[in-house]
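Read-outs throughout are calculated quantities, based only on the coordinates presented, and are distinct from any laboratory measurement. Every value quoted in this text rests on a predicted model; they were computed, and no experiment measured them. Methodologically, a virtual Cβ is constructed for each residue, glycine included, from the backbone with ideal geometry; neighbour enumeration extends over all protein chains shown.
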Amino acid sequence: MCICLSIVLATILGFLMLMMGPLVGGVIAFGIVLGCLFRGLYLFNDLSNRLSKVAPKSDKFNDEFDRYIDEKEKLQTRID
């Protein structure tokens, strides 16, 4: 239902902007699109910050080094 309402409201807004003229309608349309892009960017940044607090990045070098040491120890025990 919400998507249908959004489509109808966007259609009405589009017709109103066409009636205002190309300059005024273009400026309003540009503002709407730019506002949506900035809002999306803000939400992605907020989501990234929240996820980094929950699951901090692991240090790939230390993980690989630990894996290397474990494999080296396993090989050493097989040889002995």
Q. K57: which aspartates and glutamates have alpha carbons under 17 Å from its alpha carbon, excluding same-chain residues fewer than 8 sequence positions away?
A. D46, D66
Q | Which of I7, V33, P56, positive extreme of dipole for the chain (C-beta unit charges) | A | I7
Q) About its Cα centre, what dipole magnitude does the stretch 2-79 give when the only charges are +1 on Lys and Arg Cβ and -1 on Asp and Glu Cβ, stated in debye to the nearest 20? A) 120 debye
Q | Mean Kyte hydropathy of 0.5 or more with a Cα span along the axis of at least 20 Å, helices from DSSP in the chain | A | 2-20, 22-54
Q: Return, for the Cα atoms of the chain, the radius of gyration and Dmax in Å, separated by a comma.
A: 27.3, 86
